[in-house]
Structure formats: structure tokens, C-alpha cells
Protein chains: 2
Amino acid sequence: VSGGASAAPRPDHASLFARRSGQFRPSPVRAVFEIALQPGMISLAGGNPDMSVLPHELIAELARGIVAERGPEVLQYGSGAGIGRLPGLVCELMRLQGAEVTPDRIQITAGSQAGLDLVTKLFCDPGDVVVAEGPTYVGALGVFGSYEVEVEHVDVDDDGLDPEAVAERIDALRAAGRTVKLLYTIPNFHNPTGVTLTEARRRRLVQVCAERGVLILEDDPYGLLGFDREHRPPSLYSMDPDTVIHLGSFSKIFSPGLRIGWIAAVPAVRARLQIAAEAVTIHPSVLGQELAAQYVGGEHWRPALDRAVALYRSRCAAMMDALAAHMPDGVRWTRPAGGFFTWLDLDPRALPHGNLLRRAVEHGVALVPGGACYADGRPSTSLRLAYSAASEADIAEGVRRVGQMLRD
Amino acid sequence: VSGGASAAPRPDHASLFARRSGQFRPSPVRAVFEIALQPGMISLAGGNPDMSVLPHELIAELARGIVAERGPEVLQYGSGAGIGRLPGLVCELMRLQGAEVTPDRIQITAGSQAGLDLVTKLFCDPGDVVVAEGPTYVGALGVFGSYEVEVEHVDVDDDGLDPEAVAERIDALRAAGRTVKLLYTIPNFHNPTGVTLTEARRRRLVQVCAERGVLILEDDPYGLLGFDREHRPPSLYSMDPDTVIHLGSFSKIFSPGLRIGWIAAVPAVRARLQIAAEAVTIHPSVLGQELAAQYVGGEHWRPALDRAVALYRSRCAAMMDALAAHMPDGVRWTRPAGGFFTWLDLDPRALPHGNLLRRAVEHGVALVPGGACYADGRPSTSLRLAYSAASEADIAEGVRRVGQMLRD
């Protein structure tokens, strides 16, 4: 027993960490976030929406009005299910992709990342398996890791996931004694590949999972960002709202800074997700919810979204042109029909030496190395480029620098 | 293999839930939140701050200015560590309670509930033990349950936790083979009892835990709400910033609706908490952080806080008067020196029949039944009353109704 005069003992924090913390890894995309701020750097890394299209004066006025007229309410604690009118508005948004959904199935979350965290927390024990596209969203790997969930990748082609390959993988995993709870998928303008799941494959994928009692976690932040509004495939949720849990977000259609998203799920699941959500954040920002409800529920939202999509379409075209002009032989890339990203498969015989991101930064361009988008830490033979937040001139020059790096 | 024409199989969601979900319980306090809205009901349940003291027009104008002048920045994704100036401002707030802390130790969170979730996630494996006051904050029980952490209560008296009892409990738990990672405590104007840990006990408690390699999680939302600003005991964090992790919040000194709080921890722990936080919410609302920084960093904050504390002091006095007037013999209550709550120990020979909350609601008053504040689900022989958000007239009438219930 130490006395009062002895030096205070210092705790060894690392020895107290929970086992799951061994899976906490800094997001490579977040790391690039800092690099991208270096002078002279062109960033084709972050999947940031373009904010220039927003009517900032109008949004500022909405924020003022919300606090001035209802301050005692919006600055106070709110309901764990979300503010009154927002679930109904979310149902209208989901109807645009063919889903008939009622507000009792909508849980408002502090961004769709929080929705992903909550669904994983509700369903996944350590050692459970989630099947996901290979490659997949880096931030989802962070969530699955934090719950010690194992990710099994199924390759994507230009039409997204192959449902038969998913079926075979689930069956093989189960035959090997593994517990498969969820298929995690981004069917529209996939992050990071930019590909879109065809309608026929959607129907078959839902059937494959329903037959096997595997839930589908449909992550759909980009669904309303298709370059062709006439051809919008129905959401997986619209095909089977019992088997599919849908994650939606205001981040790409309005503002990521506010951190407001939602989960659509059967009422019994939604109710448990609310309990889990209240334990984590009590509720999302009430002011953020009100702002999303007033802005997206108002008349200026749609024209601003149209302006944004037109920008993304032009920038995507600029990127396609630049890739055709600057990529060496043996590099293949995807042709997105919406969203923010294209994906490059590099020539395995001519990979850059060393760390791909470091090499790119040396050439003055930030990007996401492909290996970061797999759970198994494989080396990068691919990379993601984002066209959403760069000017056409920067896209042309940035892609030229990528080409230079691959030639060097 | 089922064909296309057969009825779609329906998943059995409950069979897919993770083991931890068995510990997801709706917060009894959140349940009372709805009951409290019934007409004629007087709520002494929720720990809501009084919003009437805030300069709403000023805050509205701040919100407008932030979006109008810096919309493309504040509506965009932000940094996972928090916006630039907020950690420095938090250091100034913590200095008011004697802590010398630098911004590299501050992690901004989406409310201090999120901080509690993150610290538990980083440190606690299923089956680990957290020692906490008995009774303790209901929302902490929700977090600990969601990580399958076991809570061992140590009784409080009018001076808070007894450090020797904590030492004995830790030693006994370890002798029984249990893993004790954290002591969770609310030293100032404790939720739910209203008691404050004396300075001598603080010093000894820190020593007891440091000697045993047990971290202290100091949850301090009410620290600046003391009725006597001249006598503010130093924070546990100020006594040993290696052993103590501090949770702070803007909820009670500004606005709970914005969901902005912080964690102070040694840099190596803070960095891992940031990784965990980014996986859950990416970052807290940028607009909420800016609003907190501008309002609490400005000249109107302190006078409004003084007005709030004066209100709470008067309301606490009104509650003490009403308790003296209306409580039957055998009921004991605490005399808070700040914060929101008093705690009643009922006469065990004269407990109301049946569910305490239901009986109270029948008498037209909402409160938090004491049993909800223990992890072991014991019956309620105590209750929490909040005076923070009710008028003095409602406090008098609400306490009269509680007295009536206890007499009936």
C-alpha cells in the first residue's frame, strides 16, 4: 500500500483497453483530409458534396427564424425518434425511389454513419460475418471493426454485386460454421467504385438474402444523385421492407456538417434502434433536424439539388476525358451514372513502388488508395478518385498527375 | 430452393439480434418525458435546463451569421477532433474548476452522453465491472448495459461517495476475480441525489483509484451550476489528469438540443477516442459547435448562466419549503448546493402500493422512480424530483401531490 508521500502511480491506459479497441483504426480517408489541405495539393480524395450550389442566405435566414421563433423548443432536449415532421418528409424522399414507407418505420439518426453503427450494434456479435462489396466504404469497415465483426468481400463488376456469388458465399460461410447476419451494400453509385446495381440483380439479391434469412443493410446516400433522373432504379427497400434495412442521409443532398440521416426498418427493429440511439446521443441535433426539415421540405431544395447534379455530371465527364487522355495502358476505370466516384484498377505489372498515397502526394494529388477499401489490408492495386468537389481544371490537372505517377 | 412464385420468406429479426441487445432497455426517464406532456400533469421528472433565460434573438442572429458568412464551411464535413477554437474554449471552462488542460487533450463529442458511450466502448469488454454511485444516472446504465458491462453500486451519503468503501469494493471485486476498469462518478450536484463530493473525499478517491490502476470517469454536466460560486470544489480531473477522464457538456450551461459535449483525457486516449467517435458520427454538428463556441465564448453567456443559476437556487428553495410542508414522517431528502435534483428516501414501512411512477401519475405528478437509477432493478424505495424546469407554483403543487400520494 503506497503512502501519501510517494509519487502518484500512473495508469497504463493501453493495458485497460477493451479487446475491440485493437480494431480501431484511423480512417485513411480522414487522414487524407488533412493532407488535402497542403498548398498546391489537388484533392481527388474526399467524397465531399459541392456546397457552392446552396442558397446560403436562405438557409441562414431559416436558421435564424428557427431559433428566434422556437428557441426554447429547439435548444431544449428533443424526442429520441426525431422531430415531428421529419419522418414524414423522409417517407416522401424514399417514395422517389419507389418505397412506400410510413413514419413509424423511420428512425432519425445523427448522420447515416450513426445509423450504420446502430444497426451493427443491434445485430452483430463479435465474430459474426457481414458480407459486403469488395471494395466497400472505408467508414463501414471502421464500424464493423469496432464491433469485431468480420467482413467477407464479394467482388463487384460494372453492374454491382452478382447475387449468385453472394448466395454462394453465404452458403459457403454457413457450411463452414460462420454466422452471417447482414449483407451490407451501396447499390447506387457505389462508394468507392461508382457502379450501380441493375434492377434485375436487385430483385434477385433481395430474394437470395430473404431465402437465407440474411438481412440487407442498404446504404444509400447517393440515390438522388443520378445523372439521369428518368432512370432511377427502385431501392432494395422498396422490394422487401422486411428483409431490407435502409440507411438514408441528408449529407449529400443538403449538408454533411449537420449530421442528420435516417434508418428505415420494420417497427420492432426501429424501436430497438431508438433505444440504442438514445444511449449513444439521446437524439440528433434538434436545430439540425429543423433546418433539414425546413430546407428539404421547401421549394428551393430541388433546384439546388438539380444544380449540384449538373455539376457532378460535368465533373464526371471531365474526369472521364482526363482519364482517357492521361492513363497509361493497362489501367481500367468505371463509368459512373451518378454519385461522386470513379475507381481505377491499375496494371498489376506496373504498380507504383511503395505506398500509393505517399507516391500520389509526392506528385501533388490526394486520392484514396484502393487497399483501404478492403477489410483484409491487401496492398493497393486500385484507387478511388472523387470528382464531386474539384473544379474541372483541377480534375484535369489532378488526373494528369495521377497518370504521371503511374508512368514514373 | 424456393421458386419465384412462392410467398417471400419473412425474416425473424429477433433471432438475429446481438447478445448485447438483451441489455437494451428504454430509459424510464425518456418514458416519463411523454407522460409529462399530458394535460394537467406537473412534471418534476426530466432534468431539463430552463431555456427562458437565454437571449434567443442574439442566438438566432449568431446562427444566421454563421451560415451566411461561412456556410460552405459549416455545412460541409468537419474535423473529427472538433472545430478549431472550441477545444481552447473548453480548456477555459475547465480552468474554472481548477484544471490546467491543453487543447490536445480535448475531444469534442456529440453531447456528453456520446462521450460516455465512447469511453465505455474503448475500455470495457463484456463482463467488466464499472463501480458507480448507488443510485446513478439512468442514461449511464443504458450505456453500460449496451456494452454488457456490470455495474457495482457503492452507496452515497450527503458528502457523496465514501472513498474507503470504494477501495473495499474494488479490492473485494478483484479478489473475486472480476475486472474493474472504471469508477463512474458525478461529483457535483449528483444526478439523481443532488449531493456533492467533499474536497477531502475527492483527494482520497483519486488516490484510491490511482493506487489500484482504476480509471475515474468524472461526469460533470452540472459543475458550473453551484448556488455558491465562491465555493466551487476542484474537479477530480484537476487532481490527477492521468487517472481521471472528464466528461463535460454544453447542455446545462447553454443548450442540450445542440448535442455538444467533450472528453478530456491524456493524448493517447484522446486519439483513440477520436477514432472511435469518427466511426460513430464522423464529427458532431459543425453548426452546433460554432454556435456553442460563439455563444459561450461571448459576453452574454455568463450573465445568462447567472440568471439560470439564480432561478435554480430559488426553485430549489421552493422545493425544500414544499417538502418540509408536505412530506409525511419517515421521508428524508437531500439538500442540494447546486444542480437540478433532490432525492427522497421513503419510509420503507409506508411505501405506496404498486408501481411508484404509475401511482404518481394518478396523482398528477411525474417523477423518476428510484429503482430506475440502480442497475439491479430493485423496487423503488426512493425517488428523484427535479426543480430545474418547473415554476415555483408548480413545484409547490407537485410536491403537495407527491405528499398526497405517500399518504394515500
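The values are calculated or read from the model by the stated rules, or taken from the named source; none is laboratory data. Since the model is a prediction, treat every value here as computed from it, not as a measurement. Here the Cβ positions follow ideal geometry from the backbone for every residue, glycine too, while neighbour counts run over all protein chains shown. In case anyone asks, the SASA skips ligands and DNA or RNA and just uses the protein heavy atoms, side chains included. Shrake-Rupley method; radii C 1.70, N 1.55, O 1.52, S 1.80 Å.
In debye, nearest 20, what is the charge dipole magnitude of the stretch A:313-373 about its Cα centre with +1 on Lys and Arg Cβ and -1 on Asp and Glu Cβ, if you could check? Write out the running numbers ahead of the final one.
On the way: 7 positive and 5 negative charges, 32 e Å.
The calculated dipole for the stretch A:313-373 is roughly 160 debye.
Sequentially through the stretch B:146-157, phi angles give Karplus couplings (6.51, -1.76, 1.60; θ = phi - 60°) of 5, 9, 6, 8, 9, 9, 10, 8, 10, 4, 10, 10 Hz, Gly and Pro residues having no value and appearing as x. Rolling a 1.4 Å probe over the protein heavy atoms gives the stretch A:195-272 an accessible area of 26 Å² per residue. With every protein chain in place and a 1.4 angstrom probe, the accessible-area ranking of A:251, A:79, largest first, reads A:79, A:251. With the label put 7 angstrom out from Cα along the Cα-to-Cβ vector, residue B:349 ends up 9.6 nm from the copy partners, going from closest to farthest.
So how do B:199-207, A:173-181, B:41-49, B:287-295 stack up, highest first, on mean other-Cβ count within 10 Å? Write out the running numbers ahead of the final one.
Numbers: B:199-207: 19.4, A:173-181: 14.0, B:41-49: 23.1, B:287-295: 24.7.
For the peptides B:199-207, A:173-181, B:41-49, B:287-295, the packing ranking is B:287-295, B:41-49, B:199-207, A:173-181.
Under a model in which nothing but the beta-carbon of Lys, Arg (+1) and Asp, Glu (-1) is charged, the protein assembly as shown shows a dipole of about 240 debye around its Cα centre.
Please compute the contact order of the stretch B:297-389 in relative form: average sequence separation of alpha-carbon pairs under 8 Å and at least six residues apart, divided by the residue count, as a percent. List each step's numbers first, then the result.
On the way: 100 pairs, mean separation 26.5, N = 93.
That works out to 28 percent.
With the contact rule set at Cα under 8 Å and sequence spacing of 6 or more, what percent relative contact order holds for the stretch A:196-347? Walk me through the numbers on the way to the answer.
Details: 156 pairs, mean separation 32.6, N = 152.
RCO, the stretch A:196-347: 21 percent.
Taking all protein chains as they are arranged and a probe of 1.4 Å, the heavy atoms of residue B:120 leave approximately 0 Å² accessible to solvent. Residues considered: B:37, B:323, B:161. Largest GNM mean-square fluctuation over chain B, using C-alpha springs under 10 Å, is found at B:37.
Among B:229, A:335, what's the order by accessible area (1.4 angstrom probe), most exposed first? Could you put the intermediate results ahead of the total?
Numbers: B:229 120, A:335 170 Å².
Ranked from most to least accessible, the order is A:335, B:229.
The base-10 log of I(q)/I(0) for the stretch A:72-222, evaluated at q = 0.09, 0.21 Å⁻¹, reads -0.32, -1.43 [Debye formula, identical scatterers on Cα atoms, solvent excluded].
Could you work out the helix-only [θ] at 222 nm for chain A, with each DSSP H run of four or more residues adding -39,500 (n - 2.57) and the total divided by the number of residues, to the nearest 500 deg cm²/dmol?
Numbers: 14 runs with 168 residues, N = 408.
It comes out at -13000 deg cm²/dmol, rounded to the nearest 500.
The DSSP beta bridges internal to chain A are antiparallel in roughly 50% of cases. In percent, rounded to a whole number, the relative contact order of chain B is 23, using alpha-carbon pairs under 8 Å and six or more apart. Counting only protein heavy atoms and a 1.4 Å probe, the stretch A:293-378 has 44 square angstrom of accessible area per residue.
Placing unit charges on each Cβ (+1 for Lys and Arg, -1 for Asp and Glu) gives the stretch B:1-112 a dipole about its Cα centre, and among B:35, B:13, B:47 the Cα reaching farthest toward its positive end belongs to B:13. Here chain A is treated with +1 on each Lys and Arg Cβ and -1 on each Asp and Glu Cβ, and its dipole about the Cα centre works out to around 600 debye.
Taking Cα atoms of the stretch B:1-141, Rg/Rh with Kirkwood Rh, to two decimals?
Details: Rg = 22.7 Å, Rh = 21.0 Å.
For the stretch B:1-141, the value is 1.08.
Give the shape of chain B as rounded, prolate or oblate, defined through the alpha-carbon gyration tensor: a ≥ b ≥ c are the square roots of its eigenvalues, a/c under 1.5 means rounded, and otherwise the shape is prolate if a/b is larger than b/c and oblate if not. In terms of gyration-tensor shape, rounded.
Taking A:17, A:123, A:254 in turn, the Gaussian network model of chain A (Cα-Cα springs below 10 Å) assigns the largest fluctuation to A:17. Per-residue mean of foreign Cβ neighbours for B:205-216 is 3 (Cβ atoms of other chains, 10 Å radius). Peptide B:51-61 shows a mean partner chain C-beta count of 4 within 10 Å per residue C-beta. The stretch B:162-207 and the stretch A:70-102 have Cα centres spaced 42 Å apart. Take residue A:177, push a point 7 Å out from Cα through the beta-carbon direction, and compare it with the same point in every other copy: 2.5 nm, smallest first. With all protein chains in place and a 1.4 Å probe, the accessible surface of the protein assembly as shown carries 50 percent carbon and sulfur. Taking a ≥ b ≥ c as the square roots of the Cα gyration tensor eigenvalues, the stretch B:276-408 comes out oblate, since a/c reaches at least 1.5 and a/b does not exceed b/c. Computed with every protein chain present, the accessible area of residue B:73 is close to 100 Å² [probe 1.4 Å]. Gyration tensor analysis over the Cα atoms of the stretch A:182-335 returns equivalent ellipsoid semi-axes of 29, 24, 14 Å (largest first, whole Å). In the protein assembly as shown, the C-alpha radius of gyration followed by the widest Cα-Cα span (Dmax) gives 27.1, 90 angstrom.
For the chain pair B and A, the interface hides roughly 7700 square angstrom of accessible area in total, found with a 1.4 Å probe.
Descending by average beta-carbon neighbour count within 10 Å, the peptides B:210-218, B:28-36 line up as B:210-218, B:28-36, the highest first. Comment: the Cα-to-Cβ extended label point of residue A:127, at 7 Å, lies 1.2 nm from its counterparts in the other copies, nearest first.
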